[in-house]
Structures are given as structure tokens and as C-alpha cells.
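Below: one structure, written as C-alpha cells.
The values are calculated or read from the model by the stated rules, or taken from the named source; none is laboratory data. If you're wondering where the values come from, they're calculated on a predicted model, not measured in any experiment. Neighbour counts are summed over all protein chains in view; Cβ atoms, including those assigned to glycine, are modelled from backbone coordinates with ideal geometry.
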Protein chains: 2
Amino acid sequence: WRARTNYEVLQYVIMKWTFACLIGVLTGLVALLINLAVENIAGAKLLITLKLLQSNRYVLAGLLLTGINLVLVLFSSVLCVYFGPAAAGSGIPEVKAYLNGIDAPEILAPNTLVVKILGSIGAVSAGLCVGKEGPLVHIGACIASLLGQGGSKRYHLRWKWLQVFKKDKDRRDLVTCGAAAGVAGAFKAPVGGVLFALEEASSWWRSSLLWRTFFTSAVVAVVLRIGSMLCKEGKCGLFGAGGLILFDVSDVVVGFSLLDFLPVVVLGVSGGIIGSIFNKLSSRTCVFYSHYLHKKGSLAKVMLACFVALVTSIFCLCLPALGHCRPCPHEALMANECPSYGRTGNFKKFNCEAGHYNDLASLLFTTNDDAIRNLFSTNTPQEYHYASVLIFLVETFLLTLMTYGIAVPSGLFIPVILNGASFGRLVGILMSASHNLKLDEGLYAVLGAAAFLGGSMRMTVSLCVILLELTNNLSMLPLVMLVLLISKTVGDIFNKGLYDIHVRLKGFPLLESHSEPFMHQLTAADALKNPLVKMARVEKVGVIMDILRNTRHNAFPVIDFSSPPGKPVFCGLVLRSHLLVLLKHKAFQPRRDSSLDILKLFSGFDFAKPGSGKGMVIDNIEVSSEEDGMYIDMYPITNASPYTVLETMSLAKAYTLFRQLGLRHLCVMPKTPQDEPILGILTRHDFVPENLLTLYPYLKHKATKVPRLSSFLA
Amino acid sequence: WRARTNYEVLQYVIMKWTFACLIGVLTGLVALLINLAVENIAGAKLLITLKLLQSNRYVLAGLLLTGINLVLVLFSSVLCVYFGPAAAGSGIPEVKAYLNGIDAPEILAPNTLVVKILGSIGAVSAGLCVGKEGPLVHIGACIASLLGQGGSKRYHLRWKWLQVFKKDKDRRDLVTCGAAAGVAGAFKAPVGGVLFALEEASSWWRSSLLWRTFFTSAVVAVVLRIGSMLCKEGKCGLFGAGGLILFDVSDVVVGFSLLDFLPVVVLGVSGGIIGSIFNKLSSRTCVFYSHYLHKKGSLAKVMLACFVALVTSIFCLCLPALGHCRPCPHEALMANECPSYGRTGNFKKFNCEAGHYNDLASLLFTTNDDAIRNLFSTNTPQEYHYASVLIFLVETFLLTLMTYGIAVPSGLFIPVILNGASFGRLVGILMSASHNLKLDEGLYAVLGAAAFLGGSMRMTVSLCVILLELTNNLSMLPLVMLVLLISKTVGDIFNKGLYDIHVRLKGFPLLESHSEPFMHQLTAADALKNPLVKMARVEKVGVIMDILRNTRHNAFPVIDFSSPPGKPVFCGLVLRSHLLVLLKHKAFQPRRDSSLDILKLFSGFDFAKPGSGKGMVIDNIEVSSEEDGMYIDMYPITNASPYTVLETMSLAKAYTLFRQLGLRHLCVMPKTPQDEPILGILTRHDFVPENLLTLYPYLKHKATKVPRLSSFLA
């Protein structure tokens, strides 16, 4: 069942591209759905509140806004806590971990998908300081993973065509496509999506994967375009006005002199510093939440989410009082755009007199997307007082920190952009006050957003392209590149990227692409920890059952004791899951030497790895005492070509082999002929630096000797 | 000398980024230089000829143009044939081969660099159907490679800081940066450059490399921007007007309906078909040239180049007679732009009467860059008669085929774009005649160029981004993506990408990222061909000399025969180059058991691999007969952790290991203890599919069974 016929190859190819297309279509539709729901719910909420405010019913407006927000967050967090705990947070660390080869089935389970969609709608509509972008990446990955399951036994979906994806690699490829589709759908940035999937999400790059993710992203782009064309006709409620996020700054011609580079460098450096501080504080908050609050049970989680919603609502209602009432600019007044009574628009009246607007309310009393749009708005110098922007910056920074870690789906892109944009705008306002530079204040906001993103998330090319596609202005390219390079470099001096930190916090045994320096001091044999459990080529069923029950290993070396007496031969590896299949179907032979053609009993699909869920477990398999005495011949299910290293191999080199080829088991062979033909099996956990340092604490000194510099070495 | 101190790490990091920056600056400057030279030489040539034509001195004009072209091509091809044969052609296949791990020192040698720069200027100015883009990639790679040499003994450049790059991997990283810088400089497309380097050029992707190439590209972008700012002040002769290529179509708002998708699909499909036909014909032409003409010696090569130049000149002079005289459009007439007498401009008068222009002359009688600009020109419907565009298409197609393969530096991007753009414009003219579609004729030309590029070069994301950066219009994105996807898919059905074909033609043993299906039928032991030549741990100098003289192996297994008698132990691999260092410095010990601390005699730099050039050879080393009887202890220079596979390992898996980790030697170990502790060493040549099929001809059937489908499997 390892060789494939022409027909199967064709089937595989067709399904591969069909699935890539389906992922695009579905993710695109979900992106539309979320945007539609958020725009309508949040829009209706804001419209009603604004109307009440206009008729001076302040208390009622405040209570209503707070009430709606609390209900939305309650809905979202209850779903999250009780039905899909894996849906909390951004989801990008989870996708990253999965693509690194970590098998945590609940990460991409169907319930996670549903909770993520609904919870994300709730949390974003409630005006929390969260984005829908990270969750969309997770959603795309979930959709991809579900498609790659190969049908479901429970729902009797066992069409053979669905089952062509048998290998982890195939599923990972699909999930990579899903992640790309998520970003493409979230930001309307197809090329950015591809680059994000490859730079940040995936651990193994291939050119051919590039092409497939590109295709998926293109499909998403087409779906979104068709969707917005339909919505332009006004059938989507409040959606048409705000629409899919696109912070267009293409109406400015970017002329910049060499003098402009100075503020750009300042932005980059400060973005890197503040970004790394943000990373530090964010990880502290998460640790605090999980250590002190989440221990108290599910209810505490829900309460925390509601508390954050309350604080957010109060900020949104009270802070505008600190804003500045400014007269409407002439043109906006003429065009009847100031103050704007609608949901969107740069100018909110709030408590100001006619013909004036409250600048802080314009930022606070709106959705996050619109706030960013207002900050990015070009050709509007002097729109905001610097104090208002500063207040907004502090408010957002605090809320972002408070919010990430509570039990709702919460993306980090939009909050970070919000922080960065207000910081950038602030710098822009101060610059334009003191000098006469050419750059628009709105462009400063864009560059500020780039600086914060670079300083916190530490991506480069993908962020650059996403920002360009978002702002639709290619002439910003050199400046955006410069800011990203500086802020990432500065940030890297202090700590790791935001997603890496959260991967560690969640305890995923992620393998970096490079070995740690101290691994050069160890050999492969040094890392062996688990006692080796071997099986004979033909083994008694009872023995196998005992081994499977009493160990948690997933692979066992098969040894042939028969041939030259006293010289056992290593045959290969047999997987627990394959053994379980044989046990379940009772593919036993009565005597040691009777031969049973196992391959005739099974098809390749029977041995396919289940996509999610735990698969079979040994406890569900019953074997009679009579069968206990029968035999299983492992030969047909043995992987005769496992990757091997010699015991004296440097651990760093073994790590490279393990990581680059994405292995699950690496056999350690003796260098000189010994009684044992194999010394042990290395698995992912044996390579995790923390575990190794626990074994060899004296290496800790070496490990931390060049702590941050080593990251440059990559 | 394997462990690194903090200081060395810092040194390494600083040099890494300094070099990345230097590569950017130098490549940017060379790009400016080439553009400047081409614009001025070709511009002056065309201006003089046009002036002669205006005063009706046709014959003189024709002779002058032909003469100048011949001289330029003669200069270029003589340089190429006699001083730098590796500089002929595009250079991208060479860079690709180098980055795949193929060691061909002359590819990136200094003479190649110089010839490539000068030859490229000559060939492009002569109006040949070649581009300067491919050569610029090669130039960037050469610059990077030279920087990575670690100084030069000949010129006494032995500053220690220059020598931090000792490994192949470091040099490959630099060359990847160079390739990115080349594209960034050629197309003014920094992001496109990064993607090109990663998608097409490099064989091993890493996120960290992404960041470094991104930095280099950003530096190039800044250099180009400063350069064009200086040139705008008019100090660069004719350069200011044409400038760096940028085929701006941003003045069109791309509105397209679903109906427009149909012609786009047509363009994609036909682009894929014609692209693959082009690939086929191009490889045939190259084979013809190298089999029949180039065998006749250097002079024949020069003659061929001159012949092509002659044909090009004649086409350029005579074909406009077939063009159509059309009246100038009103606005252009008013603005005094039609007919244009300058070098650039959409409308050339040629033989037409006043107030009219010859549409074919507007395409032919100009530089390639300007011709593309004219084809891409938007908001100019009805500018060209369809017959004129058709003639131009046929002419360019023939010239492109004729030209690639002659002995001048010749990029393929611009010719392919030229073909595609004229094809697209033709489709656009026909479409706008029969229907009333919304797309501009100029945009059709852009999409046509995308279709041809995709159909011939088979890149996706990088081409997409390069085209977007070139045309400066992000709203084209969905259409460009679609065209590229279709044309690449269609093209892949018929044959491989253009660069892959030329890599094969040049005989580079490129290892694809995937193993061939037939390799599953073989084991690692099956691929062993070379008889194994072993060395003892302490070996006589005479024996070593004999072995090095009589074999061409680059690595030898070191066997310890001493420990338990009769049970030899495999110690590791020793490299020929390291042995030569010991031999040259006569690090011998008089007796087998006397111990000499070799490590004290040498520093790590002594063992560093020379960047280009052949390094040491055994013939230059003299050993006296007395020394012949002395001993060398290999232990200190033995690599004790070589990667190994068991003899029964599937060859496909061994291939994956070899290719993914970028190895040069892979040891094959016996499965059961035997007399021999190691069976053999696999090298790159053992894995090349053609070589394997020669050994096992009966597998040929299997190998070609799923010939093209397998490429989808990636």
C-alpha cells in the first residue's frame, strides 16, 4: 500500500487543488460573515447610542452601551470557556505549533472552529480591544484541518476521495493554505497572506507550497471581491459603508526628503523598544491570569471577561470628556461631514457645540477598524490635539494588555496597529508642529503601526506586504521597509516575538529551526531518556498488549532475533497506531511460523492516521485469553527505513536532522557491534532544550552565555 | 576550532550585516551604472539616426545604426568569449545551480563579474533582444561571492574580519542576498527581489534569510532612489528621461466586470501554451548552437553574435515599412508629443507625413524598455493597428529565440515581457473591436506579459509582486494572480520552467527538492558506485599521498583498526582539503604513536574552504621520501559526526536527507556487524537521477510512468 497507481496520483492531485480552492472559498465566506455581523451589530449599537446622546439622554445611552457590550462578551466567553477552550486567544500560536509538528488534536477541532467564529463576532462587536484577524487565521486553519480529516466515521462520511490525505505532511500543507487564506481574508491582502503563512506560520518551506497557498489566497480575494460587489448594492445592512478593512492612503503622493528619514528612524527605534516592552508585559499578564484567576474555575474566567468589557465600556463613555472640542475644518463642514452623525466618519460631535467635534470621541466612539481609519486619514492635518491622541494611546495600550489572555477569541493585529497608529500620529503631530517636513500625519500613523507591528511580532516581509496591500500605496515601500527593519532589530535585542512567547507560555514543545549552542556538547546517546521497549518480529499478542498498556511510546523498534543466533538484527520501527489496527481487526496467526498475508486484509486507508481526535486507544481493545497466545507478524507494517544516527553523533546535528526533515522518531544506533542492535529512539520531547537542560544542568551556563546574540546567527 | 567565542560571534554578526549592506550598495550602484550607460549609448545612437532620417539620408542612417550595433555586439561577445565564458547567457541558471550546492568556481569569479557588466551594457545598447535583468542577478551574486571569499592571498587582503565566512552555507546566504539585490536593482522591485531569491533561486529557505535579503533589497531601493534623485537634476545625460525601468500604469483605475475574466482566462491559457513552446524552441536553439556552431571555435561564436546583431538591425530598419501611418491623436498633437522626435515617446514619424506616426516604428525604433512602455501605455486606445502589433510579435519572438544562446550576457525577462505585452495588446485590440469591455488595452498588455512570464518561467508569487511593483498599480492584483496561476498550470503540463531547462542543458547536477518515484525501488546500498577508499586513524604519509594522487574522492572514511583487534571502528570522515593542509604544512609525526598537537599548529582559518578558485591540489605538494615514512594522525581533523544511513534505507529517503540538509557526503553503514564498519559514501553524483537510471536501466519504465503528473505532487 505504499506504491501509488496513476489513478491514485491523479486523484491526489485533483483533491489537493479542490481542497485548496474549497479552503479559499470557505475562509472567504467566513471572513465576509464575520465582517458583516460585526459591522451590523457594532454599527447598530453605536447608532442607537449616538441617537440617545444627541437627545441628551446620557445615562440611558451609557447603560445601554455597557449592557450590550456585557451581553456580547458574556456570550462570547461562555462559549469559549464551556464549549471550546482552545478558541481563546489569537490562535496564531496554536497554528504555528501545529505546523511545527505538534499533535494537539483539540487545536483544530470542529468545536473550536464554531466557537472561534461566534466568539470572535461577539468580542469584536462588543468593542473590546481585540481584532478578528488572528482568529481568522485560526479559522482558516480549522477549516483546512477539517477538510483534511478524510471524512468522519461518526457521520458516515467515508467517501474514498476524501481519504487521499493520509500523511501529516499533507495535512500540514492544507493548514498552511488555511492560514494564508485567513490572513488574505482578514486584511484583503492575498500576497501578504502567502508570505505570512510562509514566514511566520509554517516551519517547513517549499516552493510548491508557495504556489498552492498563492492559489488559495487568490480564491479568497475573488470571493471577497464578489462579496463586496454584492454588498455595494446595499443588501448587507450597515456593511457597505465600512466594508472590509482597507485603510486606504493612496490619495497621498509620498514625497519625502532625506530629512524625513530621521523621524522614521526615531519611530522604528521607539517602536522596537515599546513593542518588546509590550511583549514582556503581555506575557506577564497572561501568566498572572492563568496562575491566579483561571485556577479558580470556569466562572472566574467568564467574570474576568465581563470585567474587561465593563472597563472598556467605561473608558469609551467617560474618556471623551477629556477630549478637545475643535472647530470643523471648512471643507468637511461644507460637505456636511462634520460633525458626522453616522457610525463612521472622522468627526464625532459628542458633547461639543454645533460646528465642532470632539477629537477623542472620534477615536473612541467607533469600531477599532474605523478608529484606525481615522488615525490613518490623510490630508487632515491638525485634526487631533496631541493630548487627545496621547490619552487614546495610553487607554489602548492598557486595554490591549488587559484583554489578551481573557477567555474570548482575541486577535492582536488590530490592537497593535491601533497602538502603533496613535503613537505614529502623535509623533507626526509633534513633528509637524516643530518642523516643516513633507510627510503627512496619516502616513506617520501608518509608519507607527509598522513600527509597533515589527517591534512586537517581528515579521518583516509579510508585514511589509500586508501593510502595503492594506494601505494601497506602493510608494510607501522604502519607508515601511526601513521602519520594519529597525523596529525588528531593536526588538530582537530584548526578547522574542510575541507569538513565540505565547507558544512557550502555552507549553507547546516547539522546535526552533536551529539547535542551541549547548547541544554541540552532547551526543545523541546523551539525550536518550526513555528505556527502550523492543518487540520481536513475530510477537505474542499478549506481550504486545502488555507493552501497549504499560508504556506510552508511539513507536517500537522491531528486532529479528531469528537469523544468525545471538546476533539480533534491527528491522525497523512499528507504530503504536498500526499495531492497534492489527489488534482491533484481530489479524493474528495461530503459530509463530504460520504466515498470514496481512496486506490482503487491509487497505492503506485503514492505517491512515486520524486527522483529529485521539484515534484508537488500547483500553478499547478486548483480546480473549485464547487470542493472547496467538502471534502477530510485524513485518508488513514495519517501517524498514527509519532515519538513524550513530550514538556518537553530535546532538546538534541530530537536532538538525530531526527538525529539518520533520521527524517524529529518530533511531540511535550503536557505533560498534553490540548485543543491542539499537540503543534507543529520540522523540520531540528529547530535543526540547528545557528538557535537556534539566538532564544536564551544568550546560545551563553554556546555554545562556550568548543569549540574544545567538538569535542573530540564524 | 569549532567552538566560537562571544567575540567571534559578534564579529560574525557584524560582518554578516555589513556584507548584506555592501552587497546592496554595490549592486545598486552597478544597476545605476548599467542603466546610465545603456540609456546614454542607445539614446545617442537613436537620436543621431533619427536626425539623419529626418534629413532623408536613409542609407547613411541605416549604415550608421548597423555599424554601431555591430561594434557594440562585437565588443560584448569578444569580451565574453575570450575573457569570461561563464558570463554568456542569463546567469540565473548558474546562480540557481550554485545555490543548489554545485561547486563550479568560475561561475561567480571576478572576471565573470567584469565581463557581465561590460558585456551587458554592450548587448543591451546594441538593441539586441536581450535584457539586463538576468545579468544583474548574476552580477549581484558575483559581488556577494567576491565579498564572501575572505580576502585574497594574491592581493594580500588577509584582514581577519574578512575571513569569518568559512562555510558553504554562509557563502550561499550571501549569494542569495546578491540575487535578491539583483532583481531589486533591475526592476526597482525590492519585495519582488526577495521573493525571487527565495522562490526561484535558492534551494533552502529559512525565515532568517528572508529578513537578510529583505534588508539588502531595501538598501538597493534606497541607493536607486538617491541615484534617480541626483539624475533628475539633469546630470546624467539622457538618463533622466527614461530612467530606471518602471512601466507605470497607475493612472488607470482598474474596473473590471465578471465578463472581463473570460479574455483573462484566454490570455492565461494561451500564455501557458506559447510559453512552453518557447521553452522547447529555446532549448532546441541552444542545443543547435552548442552542437554545430560553437564547436567550430571561439571565432564562430563571435561571428554568430555579429550575425544576430545584423539581423536585428535590419529588422529594425526595414520592418517599419510594413507599419501603418496613423494620424496623431488630437491631444498628443496639441501637446507637441506626436510625432515625437526624441528618443522616447509613443509616436515615431519615420516615413509618414506630418501629423502622422508610424505605429510599428514606435515599437521597433527604440530601446526594449521604451517599447514595453509604449505597449503598456494606457488610455491610448487605437494607437496601434493590429497588423503592426502582430508583425512586432513575430519579429520579437524570432529574435528572442535567435538571441538567447549567443555569446553575450543576455537576460530573458525583458524579451519575454516584450513578447507577452505585444501578444496581450493584440488580444486587447481584437477584444475592444468586437466587444465593449472595460479593460484598457495597456492593461491587456500587462496581463499578456504576466501570462508569458508565467508560462515560460513558472514562477508565481515573485513574478506577481515584481509585476505589481513594476506597474505600480495594486488594483491589478486579482487579475495578475489569475493569469499567472493559469499560465503556470498550463505550461507545467508540457515541460519544465525555462531556467530549469537551461540548468539541465548546461549539465549542472541539480538536485530537485523531491526524490523521483523510482528511487523508492532502490536502497542506499544500490546507489553506491565508487569503490570505498579508507584510511587508518594514523596513516603513513606515503599512503595518503598515493591515495590522494590516485583517486578523485573528496572525503575518506577514517577507520580505527587498533582498539579491539579484528573489530575496526568507523571514526568519521576526513576531507581531502583538510588533508592537503596538513600535508602542505608537513604536520607529520615520526612514529605511529608519537603525539603531535596539530590543533596548536593551525587556526580555523587555515582549514577554511577557499571561496572560488580550485584551492590546493595534490600535484603542487612535494613530499620527500624520508617524510613518506612518517605518519599523520587524522583524529583532530576528522568529522566525527557525519550523517549516516543504513544500507537498507530506501534511496528516496536517503535522497531527502541528502537534499534537505544540503550534504556533500552521506555515509552508508552496514545493517549487521560485518568486517567493514562502513560500506561507502554517497555523493551528489550518486543521487542524480540520470546516473541512477544508467545503473538501473530497467527502472526507466517506472521513472517515466507518471512523467508530468509527478510534478504536481510536490
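For the stretch B:192-200, does any single residue satisfy the condition of being β-branched (Val, Ile, Thr), more than 10 Å from chain A (Cβ to nearest Cβ), crowded, with 24+ Cβ neighbours inside 10 Å and assigned to a helix (DSSP H, G or I)? Looking through the stretch B:192-200, none of the residues is β-branched (Val, Ile, Thr), more than 10 Å from chain A (Cβ to nearest Cβ), crowded, with 24+ Cβ neighbours inside 10 Å and assigned to a helix (DSSP H, G or I).
Residues that are assigned to a strand (DSSP E or B) and either within 11 Å of chain A (Cβ to nearest Cβ) or over 26 Å from residue B:540 (Cβ atoms) (or both) within the stretch B:626-674 comprise B:639, B:644, B:645, B:646, B:650, B:666, B:667, B:668, B:669, listed in sequence order.
Just for the stretch B:324-336: of the residues that are in a loop (DSSP other than H, G, I, E, B) and either surrounded by 16 or more Cβ atoms within 10 Å (Cβ to Cβ) or at pLDDT 75 or above (or both), which one is nearest to the chain's Cα centre (by Cα)? Before you say what the answer is, go through the steps one by one.
Kept after step one, since they are in a loop (DSSP other than H, G, I, E, B), are these residues of the stretch B:324-336: B:324, B:328-329, B:335-336.
Now narrow it down to the ones that are either surrounded by 16 or more Cβ atoms within 10 Å (Cβ to Cβ) or at pLDDT 75 or above (or both): B:324, B:328-329.
Working: B:324: 39, B:328: 42, B:329: 42 Å.
Taking the candidates together, the pick is B:324.
For the stretch B:223-241, indicate whether the set of residues that are closer than 27 Å to residue B:499 by Cβ, more than 8 Å from chain A (Cβ to nearest Cβ) and modelled with pLDDT of 80 or more is non-empty. Can you show your working first?
Here is the first cut: in the stretch B:223-241, the ones closer than 27 Å to residue B:499 by Cβ are B:223-224.
Okay, now just the ones that are also more than 8 Å from chain A (Cβ to nearest Cβ), so B:223-224.
From what's left, modelled with pLDDT of 80 or more: B:223-224.
For the stretch B:223-241, residues closer than 27 Å to residue B:499 by Cβ, more than 8 Å from chain A (Cβ to nearest Cβ) and modelled with pLDDT of 80 or more: present.
Report, ordered by the first and then the second residue, all pairs with beta carbons closer than 8 Å, sequence separation of six or more or different chains, a first member in the stretch B:569-586 that is more than 19 Å from residue B:551 (Cα to Cα), and a second member that is part of a helix (DSSP H, G or I) and not acidic (Asp, Glu). As it stands, the answer is B:571/B:635; B:585/B:601, since those pairs meet every condition given.
Answer yes or no as to whether residue A:245 is at pLDDT below 65 and either closer than 28 Å to residue A:43 by Cβ or within 27 Å of the chain's Cα centre (by Cα) (or both).
Working: at pLDDT below 65: yes; either closer than 28 Å to residue A:43 by Cβ or within 27 Å of the chain's Cα centre (by Cα) (or both): yes.
Taking the combined requirement at face value, the residue satisfies it.
Just a yes or no: is a residue in the stretch B:492-506 at the interface with another protein chain (Cβ under 10 Å from one of its Cβ atoms) and out of contact with any His (no Cβ under 9 Å at 6 or more places or on another chain)? Yes, the stretch B:492-506 contains a residue that is at the interface with another protein chain (Cβ under 10 Å from one of its Cβ atoms) and out of contact with any His (no Cβ under 9 Å at 6 or more places or on another chain).
Can you say whether residue A:550 is of a type in the set (S, T, N, Q) and over 30 Å from residue A:679 (Cβ atoms), as far as the supplied structure shows? Step through it out loud before you land on a result.
Working: of a type in the set (S, T, N, Q): yes; over 30 Å from residue A:679 (Cβ atoms): no.
So residue A:550 does not fit the description; no.
Going residue by residue through the stretch A:27-39, is there one that turns out to be within 23 Å of residue A:311 (Cα to Cα) and either more than 28 Å from the chain's Cα centre (by Cα) or acidic (Asp, Glu) (or both)?
Going through the stretch A:27-39, the residues within 23 Å of residue A:311 (Cα to Cα) turn out to be A:38-39.
Next, from what is left, pick out any that are either more than 28 Å from the chain's Cα centre (by Cα) or acidic (Asp, Glu) (or both): A:39.
Checked against the condition, which is being within 23 Å of residue A:311 (Cα to Cα) and either more than 28 Å from the chain's Cα centre (by Cα) or acidic (Asp, Glu) (or both), the stretch A:27-39 yields at least one hit.
Of all residues in the stretch A:93-112, those satisfying the criterion of being touching a Leu at 6+ places or on another chain (Cβ under 9 Å), part of a helix (DSSP H, G or I) and buried (at least 22 other Cβ atoms within 10 Å of the Cβ) are A:93, A:94, A:95, A:96, A:97, A:98, A:108. Name the residue that is farthest from the other protein chains (Cβ to nearest Cβ), counting only residues in the stretch B:533-582 that are touching an Asp or Glu at 6+ places or on another chain (Cβ under 7 Å) and under 15 Å from residue B:636 (Cβ atoms). Only one residue fits best here, namely B:581. When restricted to residues that are at the interface with another protein chain (Cβ under 9 Å from one of its Cβ atoms) and among the hydroxyl-bearing types (Ser, Thr, Tyr), the stretch A:473-488 contains 1. Of the numbered criteria (1) more than 33 Å from the chain's Cα centre (by Cα); (2) crowded, with 18+ Cβ neighbours inside 10 Å; (3) within 11 Å of another protein chain (Cβ to nearest Cβ), the one residue A:679 fails is (3). Restricting to the stretch A:30-82, name every residue that is of a type in the set (Gly, Ala, Ser) and crowded, with 23+ Cβ neighbours inside 10 Å. Correct list: A:31, A:42, A:76, A:77. Screening the candidates A:578, A:553 for the property of being under 47 Å from the mean Cα position of the chain (by Cα), in a loop (DSSP other than H, G, I, E, B) and at pLDDT 80 or above yields one hit, A:553. For residue A:335, the test of being small (Gly, Ala, Ser) and more than 30 Å from residue A:279 (Cβ to Cβ) is passed.
Just for the stretch B:460-472: of the residues that are among the polar types (S, T, N, Q) and at the interface with chain A (Cβ under 8 Å from one of its Cβ atoms), which one is surrounded by the fewest Cβ atoms within 10 Å (Cβ to Cβ)? Break it down into steps so the answer makes sense when it comes.
Of the stretch B:460-472, the ones among the polar types (S, T, N, Q) are B:460, B:462, B:471-472.
Still in the list and also at the interface with chain A (Cβ under 8 Å from one of its Cβ atoms): B:460, B:472.
Values: B:460: 27, B:472: 16.
Per the stated criteria, the residue is B:472.
Could we say that residue B:204 is crowded, with 21+ Cβ neighbours inside 10 Å, at pLDDT 80 or above and either within 14 Å of another protein chain (Cβ to nearest Cβ) or over 14 Å from the mean Cα position of the chain (by Cα) (or both) here?
When the stated conditions are applied, residue B:204 does not pass them.
Residue pairs whose Cβ atoms lie under 6 Å apart, separated by 6 or more positions or on different chains, with the first residue in the stretch B:352-372 and in a helix (DSSP H, G or I) and the second aromatic (Phe, Trp, Tyr), are B:359/B:384; B:361/B:350; B:362/B:347; B:363/B:392; B:372/B:247. Residue count for the stretch A:1-29 under the criterion of being part of a helix (DSSP H, G or I), surrounded by fewer than 18 Cβ atoms within 10 Å (Cβ to Cβ), at pLDDT below 90 and not polar (S, T, N, Q): the result is 6.
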